[in-house]
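Below is one structure; the comments refer to it alone.
The values are calculated or read from the model by the stated rules, or taken from the named source; none is laboratory data. Treat the numbers as computed from the prediction; the structure is a model and nothing was measured. Cβ sites come from the backbone with ideal geometry, for glycine too, and all protein chains shown count toward neighbours.
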Amino acid sequence: MKFLRNILDKIEPNFKEGGRFSFLESTYDAFATFLFVPNHTTKSGAHIRDAIDLKRTMSMVIIALVPAILFGMWNVGHQHYLSHQIVDASFFEKFWYGFLKVLPLIVVSYVTALSIEFAAAQIRRHQVNEGVLVSGMLIPLIVPPDIPLWMLSLATAFAVIIGKEVFGGTGMNVFNPALLTRAFLFFAYPQHMSGDNVWISNQGDAVTGATPLAEAAAGQDISLSSWDMFLGFMPGSVGETSTLAILLGAFFLIFTGIGSLRVMLSVFAGGYLMGLLFNLWGANEFMLMPAHYHLIVGGFAFGAVFMATDPVSASQTNTGKYIYGFLIGIIAVLIRVINPAYPEGMMLAILFMNTFAPLIDHYVVGANIKRRMKRALTQK
Amino acid sequence: MSKRIKIKKGLDIKLFGEAERATANVFYSATHAVKPPDFMGFAPIPKLLIAEGDEVKAGTPLFYDKKSPEILVTAPVSGRIKSVKRGAKRSVSEVIIEADREISYIDYGSANPNELTRDEVELKLLKSGVWAFIRQRPYNIIACPEFRPKAIFISAFDTSPLAPDYDYIVHGKGDVFQTGLDALRKLIDGKVHLNIPESEAVSDVFRNARDVQINTFTGPHPAGNVGIQIHHVDPINKGDIVWYLNPQDVLTIGHLFAHGKYDATRYIALTGSEVKSPKYFKTFVGANIQNMIDNNLLSQNCRYISGNVLTGRKIEQDGHIGYYDCQVSVIPEGDYYEFMGWAMPGFNKMSVSRSFPAFLFPNRKYKLDTNYHGEERAYVVSGQYEKVLPMDILPVFLIKAILTKNIDKMEQLGIYEVCEEDFALCEFVCTSKIEVQKIIREGLDLIRKEME
């Protein structure tokens, strides 16, 4: 690798201030530090540092997404062939069909998000932040497989610019950028994001194409078994269908210490509890849907594991994380059941709680301050 | 009345190069230095009382801060002032003394502290310069004699990486140590706390200490940090002052009263993975490290640290040990590029996150270098600091209050209870590589200025 390093060392001056390509400094920096962890040594404070950095952290999240991506690709093909009543399609045919559908989504989302991030970094003369690598992977997983690519690109651009860069980049954003992409599409192009005809790629006439949530919202019996829904054999956004694949990612995130167990657990707890409450109420068919169904249909699991846990837009305090997650679970199910317009509530619940996360923290911090004041008084 | 406290959060960093419990036979440091920057809160240019070429004895005043002329800093050894090193804007960075082979002392008169009045004890400490070893929280500065603290804390153990073993250092010095404690007790109406680890091996010198409250602690680093101990035993509220010392400082006070001289003897632990034979050296405050590391290193490109690897200061290969330090750490420099380092499995790397295989070997020792292992970023990951800071403090919120210079918030969030070293582990684990200790110091300086 010496050879590669030598090349970099040789071309580096061109990209530094005063060099011919100094307008590409951030871009050069991003690639150079991608290839080589820099030789920076500690100047002040602790002389030794933990081996982890943001690149490592973000690549762990991507690894956690792999089961959901792979299953999603297969399921896109599976649902497609199913809707055409082609029952003898092989595993590889299905996967290949889905692969060809999903790959362009991933490419478009990455190209859009990365180019904006590179440009923004250059304008601010900052380094490129790795957070965009995760957003770029999350976005294709939460859209329907047939979403037009230009729409995806437009929505991604909106989310990255308005959702993140205007606040100062990764770490400063108020909302989860990936979810903003979805929200943008949802409100700008509802015909491509809702209804019964968007969730199966190139749908045939053999099935209705309704997701279990849509069935439940319409007061029908859900046509799938709970095992099918847990494993993910249902129409839906690319990566959200398989609770099992998502849970695999969740275990990885929790084990590596990167995803917050507090948030994930409390989202599931909140959703389940709200489901139970509706069961008790029981005013209509949807309310009577078994509470655990809420956790395995739609985007609930994906949102809980990969969206709600985004550390930047979630609550920062440990106590706050429990409250934040719990409320997401409750509100997601509340929107699903009570709201007549659209059957899914996870996206709106998380974005809503993103808004309130700082408020939750404010009260947790306030409690800490009060404890300290009280201590001062009792000791005197 | 003594307390038993269990610290649950924290992290023991296990490194190669622990000092063997043995002291080098003969050791002579040709020069000793006293560095004004070691005294937090001193103005950059102290009032110098000596000039180059002057002869000094151990205990001769060298300089004082203009705001507190009663606190003298005195020479730890006798000899000749070799040079006064200046830094930026004529600030004084080092006063270097060429040391005599045989130290001669100024006689401050021996006395039993129990028979002296409080003012007499105080005056003796101030005149001899030994007072400078008494430091205070908040701010981590030399104790101000005008204000009495509510308590004095002595941490009799150090949990930081490769830390010196005080049980070994104080062994057999029980009488002097007790004399030091007696003098301290005389200074205040409140309690003197001596904090020891819960272990069979604790020296009798500590166990048998009289007229002090002995508290026991268990748990990982930073259980040995005096700031953590204060927080759990008798926390600092706004307006409170607590003094603290380390055991060798108590010995110096003991010597002053027992023998009437400023005995700046220090046992220094030479540690670190790059040291051939890590062990203890008996010398005086501010010794030069050159003779310690001569023919005693395993590699050339090293970082020399006065103190431990988490909180110490970088010094040169022929630099002098800091005034309050009793440890020197030598670790490899990390000025290398690592190909795809963030993506590789990284079997030889240490990390508290389980994104590296380090978790498979919980008891492994490491040879860590000074590489950042990444670049500075905005805060992204949350909840990291809380895992290694055993205090009821919200670290990131405090740091953000400091960065925004919000004095009220800093007070409310507990700035008075903390100092840099308590946040060293936060800095170590930080994914975003934020310079936490530097920020905390800026916060302390800012609030101190505001309070004056």
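Some observations on this one:
- Extreme residue, farthest from A:Thr41 (Cα to Cα), among residues of region B:306-333 that are assigned to a loop (DSSP other than H, G, I, E, B) and β-branched (Val, Ile, Thr): B:Ile321
- Just one of the listed residues (B:Gly307, B:Gly312, B:Gly272) is touching a Gly at 6+ places or on another chain (Cβ under 9 Å) and touching a residue at least 60 places away in the same chain (Cβ under 8 Å), and it is B:Gly272.
- So B:Val77, is it modelled with pLDDT of 95 or more, surrounded by 16 or more Cβ atoms within 10 Å (Cβ to Cβ) and part of a loop (DSSP other than H, G, I, E, B): yes
- Matching helices (runs of 4 or more DSSP H) fully within region B:134-225 where at least 2 residues are away from every other protein chain (no Cβ under 14 Å), over 18 Å from B:Tyr267 (Cβ atoms) and touching a residue at least 12 places away in the same chain (Cβ under 8 Å): B:174-187
- Pairs meeting the criteria (first residue in region B:104-129 and touching a residue at least 40 places away in the same chain (Cβ under 8 Å) and within 16 Å of B:Leu72 (Cβ to Cβ), second residue part of a helix (DSSP H, G or I) and among the polar types (S, T, N, Q), beta carbons under 9 Å, at least 6 apart or on different chains) are B:Ile106/B:Ser128; B:Tyr108/B:Ser128.
- Residues (of a type in the set (Ser, Thr, Tyr) and modelled with pLDDT of 95 or more) located in region B:295-310: B:Tyr304, B:Ser306
- In the set B:Val309, B:Val352, B:Val285, B:Val330, only one residue is β-branched (Val, Ile, Thr), surrounded by 19 or more Cβ atoms within 10 Å (Cβ to Cβ), within 21 Å of B:Val95 (Cβ to Cβ) and not assigned by TED's automatic domain parsing to the domain that holds B:Ile103; that residue is B:Val285.
- Output for region B:255-265, where each listed residue is touching a residue at least 24 places away in the same chain (Cβ under 8 Å) and in contact with a Lys or Arg (Cβ under 8 Å, 6 or more places away or on another chain): B:His255, B:Leu256, B:Phe257
For every residue, the table says whether it meets (1) polar (S, T, N, Q); (2) under 19 Å from A:Lys55 (Cα atoms); (3) touching a residue at least 24 places away in the same chain (Cβ under 8 Å).
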| residue | (1), (2), (3) |
| --- | --- |
| A:His84 | no, no, yes |
| A:Phe91 | no, no, no |
| A:Lys101 | no, no, yes |
| A:Leu114 | no, yes, no |
| A:Ala157 | no, no, yes |
| A:Gly163 | no, no, no |
| A:Phe167 | no, no, no |
| A:Thr181 | yes, no, yes |
| A:Leu185 | no, no, yes |
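- Tally, over region B:32-60, of residues that are among the β-branched types (Val, Ile, Thr), over 21 Å from the mean Cα position of the chain (by Cα) and outside any loop (DSSP other than H, G, I, E, B): 1
- Of all residues in region A:109-127, those being buried (at least 21 other Cβ atoms within 10 Å of the Cβ) and either away from every other protein chain (no Cβ under 14 Å) or in contact with a Leu (Cβ under 8 Å, 6 or more places away or on another chain) (or both) number 3.
- In region B:396-452, the residue that is farthest from the other protein chains (Cβ to nearest Cβ) out of those that are in a loop (DSSP other than H, G, I, E, B) and surrounded by fewer than 22 Cβ atoms within 10 Å (Cβ to Cβ) is B:Glu452.
- Screening A:Val66 against (1) within 14 Å of chain B (Cβ to nearest Cβ); (2) under 30 Å from the mean Cα position of the chain (by Cα) leaves a single unmet condition, (1).
- Test for A:Ala218: is it modelled with pLDDT under 85, in the same structural domain as A:Gly136 (by TED's automatic domain parsing) and within 13 Å of A:Pro343 (Cβ to Cβ): yes
- Among the residues making up region B:370-395, a single one is facing chain A (nearest Cβ under 7 Å), closer than 30 Å to A:Phe36 by Cα, charged (D, E, K, R) and surrounded by fewer than 23 Cβ atoms within 10 Å (Cβ to Cβ): B:Glu375.
- Residue in region A:188-207 that is buried (at least 16 other Cβ atoms within 10 Å of the Cβ), in contact with a Phe, Trp or Tyr (Cβ under 7 Å, 6 or more places away or on another chain), at pLDDT below 90 and under 17 Å from A:Arg336 (Cα atoms) present: yes
Okay, residues lined up against (1) of a type outside the set (Phe, Trp, Tyr); (2) at pLDDT below 90:
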| site | (1), (2) |
| --- | --- |
| B:Ser329 | yes, no |
| B:Gly341 | yes, yes |
| B:Lys349 | yes, no |
| B:Asn363 | yes, yes |
| B:Phe423 | no, no |
| B:Phe428 | no, no |
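- Checking region B:10-33 against the condition returns a match, with at least one residue being in contact with a helix residue (DSSP H, G or I) (Cβ under 9 Å, 6 or more places away or on another chain), away from chain A (no Cβ under 14 Å) and of a type in the set (D, E, K, R).
- Pairs with Cβ under 6 Å, 6+ apart, first in region A:28-47 and farther than 16 Å from B:Asn371 by Cβ and facing another protein chain (nearest Cβ under 7 Å), second assigned to a loop (DSSP other than H, G, I, E, B) and among the small types (Gly, Ala, Ser): none
- Applying the criterion of at least 1 residues that are modelled with pLDDT of 95 or more to the helices (runs of 4 or more DSSP H) found wholly in region A:278-380 leaves A:318-338, A:346-379.
- Test for B:Gly87: is it touching a residue at least 60 places away in the same chain (Cβ under 8 Å), touching a strand residue (DSSP E or B) at 6+ places or on another chain (Cβ under 8 Å) and not assigned by TED's automatic domain parsing to the domain that holds B:Cys419: no
- Every residue from region A:308-367 that is of a type in the set (Phe, Trp, Tyr), more than 14 Å from every other protein chain (Cβ to nearest Cβ) and surrounded by fewer than 19 Cβ atoms within 10 Å (Cβ to Cβ): A:Tyr342, A:Phe352, A:Phe356
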